[in-house]
Structures are given as C-alpha cells and as structure tokens.
Amino acid sequence: MTTSAILIPVILCVSLFAQTSPAAEAAARVLERPPAEPANAFYVSNRPPLLASPFAKLPIGAIRAEGWLAGQLELEAEGFSGRLTEISPWCDAKTSAWVSPTGEGERGWEELPYWLKGFGDLGYVLRDDRIIAEARRWIEGILSSQGEDGWFGPRSNKTLIDGSPDVWPNMVALDALQSFHEATGDARIVPFMTKYFRWQLSVPAEKFLLPFWQKMRAGDNLESVFWLYNRTGEAWLLDLARKIHERTANWTEGIPTWHGVNITQCFRQPAQFYQLSHDPRHLAAAERNYAQVMGIYGQVPGGMFGADENCRPGYTDPRQAAESCSIAEFMFSFERILKITGDPLHADRCEDAALNSFPACMTPDLKGLHYLTAPNMVQLDKENKSPGLQNGGCMLAYDPHSYRCCQHNIAHGWPYYAEHLWLATAGNGLAAVLYAAGEVRAKAGDGTEVRIRETTDYPFGEEIEFAIATPKPVAFPLYLRIPGWCRGARVEVNGKALDVRPEPARYVAIERVWSDGDAVRLVLPMRISVRVWEKNMNALSIDRGPLTYSLRIGEKWVRYGGTDKWPALEVYPTTPWNYGLVIDTEKPDASLAVTRKPGPVPRQPFAVDAAPIEIAAKAKKIPEWQMEGGLVGLLQQSPVRSDAPVETVTLIPMGCARLRISAFPRIGEGPDARAWTAPPPPPPASHVHDSYEALRDGIVPRNSNDHDIPRFTWWDHKGTTEWVQYDFDAPRTLRESEVYWFDDTGQGQCRVPASWRLLVPAGERAWRPVEGASAYGVERDRFNRVTFTPVAVKSIRLEVKLRPDVSGGILEWRVK
Ligand SMILES: [Zn+2]
C-alpha cells in the first residue's frame, strides 16, 4: 500500500471549511488527511503546546457496534475475557494485591490491569451491567489504594527493581481508569492521576523507569500524561512528559529491543512524543521503526511480523508467529497514531491485523486462546516446537488457562477497535475511519447531537450506507476514509453521485448542511490482487479488499485438558494443505472465482464453516512439502515444479482459518521452476564438535583420556544441558545401555557430566525418561551400564547436564 503526492494542501481545505458558508448542496473534496484546526469544540483535543491533531477520540459509549463486530464483543463477554474471574488466579479479588486495602497480596503485577483495561471497556461498549459492575469493583479497589505520596497499586511494585519502582503495571491500570472516566465522568479520576503524576515527577531520575518493561513501554505512560494535561492544562505535566521521554529506551534512533510485544507497543513512542516536541524526526522515527521491522520479519500477509517471542535473524518464514498480545497491541498502536497524525495508512494497518490475524488467535467461541498465530500453520497441537518457534512448551493449542500475558491482555482488542470506528475531527466534524456496522451518536457542527447509522457487511461487502438523523439541519464536515487498497471508490449523497475521484489512502470530505434522513452511500470496490513476497521465496498471497485469503483446511478439534466449561483444545488438519497455486499473477481474476455466500453475514463469521466469502483457486499438491519439527515445512523458492494434477481448492478469509496456508508457493512450468527438495533430517545431537560416528564405531577405548581414537564431544558448550540421539529405521526393543565417557583431565576441559539420563519419544518432538532405570553412572575409564524397563522405540536420546565451566563427550555409546 503506497501513498502518492498530496492532492490538496491541507491549508487550503482549512480555509475552505472555515470561510465557505455551507450550502445544502454537498461540497466534496479529497484530502490526504483532515485539517488539524480549529480544534474540536466538543471533545477533548490536544491542548497547546501539544500539536493540534485532526482527530479527537469520542467518549466511550458514543459508538455502538452491530453485526459481526457486536458478535465478537458479545462472544467475548461470555468467553474467557468476560469470565476471567472464574479462570485466572490473577483475577481473584481475595488474593490480588490490586484490591487489598494494604496493597499487599499474592499477585500484583501486570495481569490484573491488563485484563481490566479491556474488560471494563468491553462492558462500556456493550452497555453490559454485569461487566460494568465487576470492573467497578476493581477500579474502586485501585482508587482506594492511593497513598499520601500519590503512589497507588500493589506495594511490592514500588520497590520491585532493586528498591526502585516498577511503574509498568500502573501504566496499564491508568488506561483502565481513563476509560472509566470517559464512560462515567467519575470526578475522582483526574485528582487521582494528578496526585500520582506528582509522585512520578518527584522520583529521582536515576531511579525512574529502570529496565526492563517499564523502560521499553513508557510511551503508554506518556499518553496518559497527555490525557490528563488535555483536561487540566497544568504545565508541570509537560515537564513530567519530558522526563518520561528522556528515561524511556531510545526508540528514536533505532530499535532498542527485538521482543515482539515491545515492538508492537512501543515502535510508536517517538510519534507520541512528537506531539510535544514538534520535531518531525520523532514522527519519522516511528514510521522507520515500523518499516524496519516489517521489512525484515513482516514479509508475510496478515499485518503482523514473526516474533515468536523475539524477532530472530533468519527466522522470517511465514510459519514464524506473532504473540496474541502483539496483535492486540499493534491494533491499539495504529489507533493511537491514526489519532495523532490522521494518516489513513494506520487505519489500513489496523484493519489488516484486526481482520486477518486477530480472530484466529482465539477459538471461534472466544473461550480459548493460543499464544502464537502465524500466516502458515497447519497443526495446532500442544507439543514443543522449539527451536522452530523460539518459545518451548505448548504455544499453539487453544487453552483458556495458559498463556498468562495474552490471556489477560487481549481483552482490549475488540472493544478498543469498536471505540475507534468513528473519531471527532477538527472543525467539529465526524470521521468514519474503521468500517463496521453500528451507530455513532455525537455532537457536530454547532453542537447538535447527530446520529449516524452505518449499515454494511464490510469487510465482506464493499458497500457502506450512512443514515443521518438530526433534530435540526446542521452543517459539519463528514470524512470517509478511502483505504489504501481501494481504487475507484464512489460516494453518493441522497442518491446523487459526488463529483470526486478519490485515490487510495485519502479521505473524502463532505461539507454540507445535513438534514434528518440524509443518506450517504460509499462503495469501496474490492478486487483480487496478488502480493509476491520476494524476500520470502517469491511466495504468493491473495488479497481482496482488506482481507487476505488462506487455504481452507478441514479442522479436527481434540480436547486434551482444561475443564468441561473451559476446555483446552488441539486442532489437526483433516484435508491436505501442501498446495502451491497455479495462477497468472498478471491476471489473477482469470484463475480465481469469488463466491459470496447468500444471506446475512453471521455474528461470528471468523470460523472455517462460517466464512462469508470463498475463492475457488487452481492448485497442485507439492508432495515433498511436509511438516518439519511439528511445524509446516519452510517455504522453498518459487516457482515450484509439481507433477501432481491440477485441483480446485477453496480459499477463505485468513481470519476464518485456524489452520491455514496464507503464503503459497507458486507452481511453475517453465525452465525456472524448481523441484521441492526434501528437508534435511534434524540433527542427531544438540551440538557436535568432532564426530557423531565415533559414538558407534565399535572401538573400545583404552581409558577415558584416550586421544588416539575418534570421539564425540559437545565442545565448546560448557555447563549446559546437551543431548545426542540414535534413530532407527524401525522400532527396536531396548532395555540396556552402556556409555564410555570422554574425560581429558590434565590435558583439556572435558569431564564426565554432572548427571545424565536416557529419554524416549513421547509424541511429536516431546521426550520422556525411560522407566525403571538403574543408576546412571559417571565413572571414568569404563563403560557405565544402565538397565531399564524394556521399551520399543525408533529413537533414544542421551541427555547430559555438563559440569559448571567444562564441556564433555563420549567415546562409545552402546544400546541393547
Ligand atoms: Zn502475551
């Protein structure tokens, strides 16, 4: 998605709106972004010297979602987010330090505010009394926790970092308090925050924002300081803002951390400080951070980037995943920057992550979540995928009881999205920036409260209708975002086409005296397009409008744990997934057929059987493309040769697909097409320095320090846990093993290990110790024999714990 030159200078538009007396005839213009002045008279905008911004957030409750978005919110209310007090020990009021009168309790870090921030907003946008009341209980606890000095929240956080405060959990809690204020107007919030920020200002700089999360993530703290400043105008708050910026990790001159959530949450920090600094370098730095990360790790569809904890050099395939926290935080970051700059690209980016990646991080009933979501993922089982994914352990299965941060944090994803469908604008207008069915009720023009009902199936449909209700005629500018992917957008007012030709990534501004019953119709033609990922083996992805499409893969859901109400589930494929597309990238329409299912879009369209749109595509199987290490095999260079017959496969929106191929190999016939090569077998050891074959060469050592025969060592790994394994063509029944350790005391730095054990497979990439093992000896100069309960296996693994500061090795390893 690219932008070209500005069509109309912003200054011209300002004067146009300010000086022209509105006429009943619609005057329409195309703008790169709405003007930033004059500030909106009805909703809190940036107060000087903070930079004037084109948009102001409407108070929570001004926007009511309908259609599929209301469906997500309602499911969330009855899903794990809405019922987390039943599930999470961090949301237990009896033990939480967040609501303890003394600030003491078993649990008092980020989890509770992470959840409360989304949970409260969920209640406010749904007007759900149960949720509002539950959120209030927690907020009252937080409000009553404030001390004389202004600190609030768990006492332990005040001295958590070597005696200095950790204010990161409080940054999150402030978001919850601000929403509470917006929703209720509660008079205690402003003085509470004022007192807390006074305390922040009093903390010596050298003790403020010490590593780690708080140092990275203090852009959130900054935003809350601006929120308060815009309400009170107290100048010392800007001194605090500068102090926060100075003590925050330097996101202006580079990326200070490659942790996924830090990036999605903090790449924007310089753009936030730009509101105070007015230094274009700060605004540019946020865009550079985004572009740098996406340029390396985001060369995939879905709007996210691969950081299955951290970004790792070389791990850029579409099977690399984004943490659920990252998706929700990215959405929120784009909503925040959109408000600062008005640049519609941020709305595109927000929709990309929200509509393509976010839905699949949860089960369709929103009762379970997983930690990691990737564009290509074909099996979601509970087994360890490390090192293919950075984090070991269960990361892909859906479990409402695991994934501690995400389980609490993603509650804000859909509520915040719903709150940002509409924004108030400078010049007392309204802007539709993210499209979904619903209604906004807000003051515009001379202060008349208008209602605009938005009817649409977007992103599954390309038509959006706005019905205006007003008690009296009122003049105000209405801004409609034109997405960056959209060519040929059309706008009608009361059935009459407007004389504008909006280019992508612009706004159409309609200035007129609006009357009750006026109708605006926006058509955003959605055409199929193909993206070629040159940095990812020339793989293809198929887009139509804001949605990317994935291979429809049959799903088999298997419960493996949890409770009857909150089960933990794996998902296995029931249909083949190893397809490449047969497609003419120049004329994709010729090989792809779009079908819109009849009937209304379901309340939950993001499920494999509910997909409102399907695309039939031509494809060929690539038989050599298989799973590797429990993950989909890495992509290989396209075009790919395949002798398999051409088949018709079905593509569905990426957000509907829990199992998915979204970045496809392209099938080719020409001389440039390559055969898919079977992947190399996984290495048989954690590390091999000299000779793996020495393990079983049959040469009996003279002693453990025998330097005349081949040996296997883990050199130069020292003090670590290491392993080596035998793999057999067919299962063998094993009951005994003998190890002759290498130990070159006096000559080198290899010693017998501190301890060791034998492991056998327990499912895909998981291992368990052999049963009934006799002693695991570590004697030198002899075979150390161990017997165990007979077991029939195709592999056996020898795991050692090396002694501190030394390495280790084996001269001969027998199994019987
Ligand atoms: Zn998380």
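Descriptive notes on the structure:
- Of the residues contained in region 777-788, one or more are found to be open to solvent by 10 Å² or more (accessible area, probe 1.4 Å) and either small (Gly, Ala, Ser) or modelled with pLDDT under 95 (or both).
- Test: residue in region 340-358 that is of a type outside the set (A, V, I, L, M, F, W, C) and within 16 Å of the ligand (Cβ to nearest atom): yes
- Flag if residue 371 is open to solvent by 10 Å² or more (accessible area, probe 1.4 Å), free of Cβ contacts under 8 Å to residues at least 60 places away in the same chain, within 16 Å of the ligand (Cβ to nearest atom) and among the hydroxyl-bearing types (Ser, Thr, Tyr): yes
- Hits in region 519-543 - residues which are under 30 Å from residue 497 (Cα atoms), in a strand (DSSP E or B) and open to solvent by 40 Å² or more (accessible area, probe 1.4 Å): 519, 521, 529
- Scanning region 201-229 for residues that are part of a loop (DSSP other than H, G, I, E, B) and either under 15 Å from residue 177 (Cα atoms) or among the aliphatic types (A, V, I, L, M) (or both) returns 203, 209, 210, 218.
- Test result for residue 662, part of a loop (DSSP other than H, G, I, E, B) and touching a helix residue (DSSP H, G or I) at 6+ places or on another chain (Cβ under 7 Å): yes
- Some residue of region 590-611 being of a type in the set (S, T, N, Q), farther than 30 Å from residue 463 by Cα and open to solvent by 30 Å² or more (accessible area, probe 1.4 Å): no
- Meets criteria (within 23 Å of residue 107 (Cα to Cα), touching a residue at least 60 places away in the same chain (Cβ under 8 Å) and among the aliphatic types (A, V, I, L, M)) for residue 176: yes
- Region 377-391, subset open to solvent by 20 Å² or more (accessible area, probe 1.4 Å) and more than 16 Å from the ligand (Cβ to nearest atom), residue nearest to residue 79 (Cα to Cα): 382
- Residue 670 being out of contact with any strand residue (DSSP E or B) (no Cβ under 6 Å at 6 or more places or on another chain), open to solvent by 10 Å² or more (accessible area, probe 1.4 Å) and under 30 Å from residue 742 (Cβ atoms): no
- Filter result (part of a helix (DSSP H, G or I) and within 16 Å of the ligand (Cβ to nearest atom)) within region 323-339: 324, 325, 326, 327, 328, 329, 330, 331, 332, 333
- Test: residue in region 138-158 that is within 24 Å of the chain's Cα centre (by Cα) and in contact (Cβ under 8 Å) with a residue 24 or more places away in the chain: no
- In region 402-422, the qualifying residues are those that are outside any helix (DSSP H, G or I) and more than 14 Å from the ligand (Cβ to nearest atom), and the one that is farthest from residue 118 (Cα to Cα) is 422.
- Of the residues contained in region 305-318, one or more are found to be within 14 Å of the ligand (Cβ to nearest atom), touching a residue at least 24 places away in the same chain (Cβ under 8 Å) and open to solvent by 10 Å² or more (accessible area, probe 1.4 Å).
- Some residue of region 208-220 being surrounded by fewer than 24 Cβ atoms within 10 Å (Cβ to Cβ) and among the polar types (S, T, N, Q): no
- Condition met for residue 435 (over 28 Å from residue 29 (Cβ atoms), of a type in the set (Phe, Trp, Tyr) and either touching a residue at least 40 places away in the same chain (Cβ under 8 Å) or within 16 Å of the ligand (Cβ to nearest atom) (or both)): no
- When region 128-145 is filtered for residues that are part of a loop (DSSP other than H, G, I, E, B) and either open to solvent by 40 Å² or more (accessible area, probe 1.4 Å) or within 27 Å of residue 61 (Cα to Cα) (or both), the ones remaining, listed by number, are 128, 144.
- Scanning region 421-447 for residues that are open to solvent by less than 10 Å² (accessible area, probe 1.4 Å) and either of a type outside the set (Gly, Ala, Ser) or on the phi > 0 side of the Ramachandran plot (or both) turns up 421, 422, 423, 425, 430, 433, 434, 435, 438, 440.
- Failed item, numbered, when residue 503 is tested on (1) assigned to a loop (DSSP other than H, G, I, E, B); (2) open to solvent by 10 Å² or more (accessible area, probe 1.4 Å); (3) within 27 Å of residue 611 (Cβ to Cβ): (3)
- Within region 362-391, being closer than 18 Å to residue 413 by Cα and assigned to a strand (DSSP E or B) holds for 362, 369, 372, 373.
- Each residue in region 146-166 was checked for being within 18 Å of residue 212 (Cα to Cα) and either open to solvent by 70 Å² or more (accessible area, probe 1.4 Å) or assigned to a helix (DSSP H, G or I) (or both), and 6 of them qualify.
- Per-region count, region 544-560, residues in contact with a Phe, Trp or Tyr (Cβ under 6 Å, 6 or more places away or on another chain) and open to solvent by 10 Å² or more (accessible area, probe 1.4 Å): 1
- Pairs are defined by a Cβ separation below 9 Å, a sequence spacing of at least 6 or placement on different chains, a first member in region 676-689 that is within 22 Å of residue 639 (Cβ to Cβ), and a second member that is open to solvent by less than 90 Å² (accessible area, probe 1.4 Å) and of a type in the set (D, E, K, R); the pairs so defined are 676/624; 677/624; 678/624; 679/624; 679/628.
- Subset of region 112-129 [among the aromatic types (Phe, Trp, Tyr) and under 15 Å from residue 406 (Cβ atoms)]: 114, 115, 119
- Taken residue by residue, region 44-62 has at least one member that is within 27 Å of residue 501 (Cα to Cα), of a type outside the set (Phe, Trp, Tyr) and in a loop (DSSP other than H, G, I, E, B).
- Selected residue (only one of 77, 65 is under 24 Å from residue 455 (Cα atoms) and surrounded by fewer than 21 Cβ atoms within 10 Å (Cβ to Cβ)): 77
Per-residue answers, yes or no, for (1) surrounded by fewer than 24 Cβ atoms within 10 Å (Cβ to Cβ); (2) in contact with a Lys or Arg (Cβ under 6 Å, 6 or more places away or on another chain):
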| position | (1), (2) |
| --- | --- |
| 324 | no, no |
| 347 | no, yes |
| 356 | no, no |
| 367 | yes, no |
| 375 | no, no |
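- All positions within region 520-552 that are under 24 Å from residue 644 (Cα atoms), touching a Lys or Arg at 6+ places or on another chain (Cβ under 7 Å) and hydrophobic (A, V, I, L, M, F, W, C): 540, 551
The values are calculated or read from the model by the stated rules, or taken from the named source; none is laboratory data. In this text the structure is predicted, and so the values were computed from the model without any measurement. Neighbour counts run over all protein chains shown; Cβ positions are idealised from the backbone, glycine included. Surface accessibility is based on the protein's heavy atoms, side chains included, excluding ligands, DNA and RNA. Shrake-Rupley method; radii C 1.70, N 1.55, O 1.52, S 1.80 Å.
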